[in-house]
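Everything below concerns the one structure shown next.
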Amino acid sequence: MEAKWARGDNTQHLSSVPFPAEELALYARQAFAQLKEEQSSLLGRRRKQGSAQPDNGAESVRWSRVEPRPSDIHS
């Protein structure tokens, strides 16, 4: 195919290897939804612990470290 293209023959322009578009789109949707759930959970947990509370408009922000629970770790 590359030799044809080098000669200017672009009649064959589709890949001979099937691309898993539907499977990839499904995976992307599921992975994004899972990440957003995890993000919401982490943000909610962080707010409950009182971190990231600005001091009346001051530039300093307090942060606290949140350790993952074993149930949060997916292999």
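Numbers at a glance
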{"read-out": "Which listed residue is within 22 Å of the chain's Cα centre (by Cα) and at pLDDT below 70, from S75, S40, S60", "value": "S75"}
{"read-out": "Filter result (more than 14 Å from the chain's Cα centre (by Cα) and open to solvent by 60 Å² or more (accessible area, probe 1.4 Å)) within segment 18-37", "value": "P18, F19, P20, E22, E23"}
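The values are calculated or read from the model by the stated rules, or taken from the named source; none is laboratory data. Because the structure is a prediction, the values reported are computed rather than measured. Heavy atoms of the whole protein, side chains included, go into the accessibility calculation; ligands, DNA and RNA do not. Shrake-Rupley method; radii C 1.70, N 1.55, O 1.52, S 1.80 Å.
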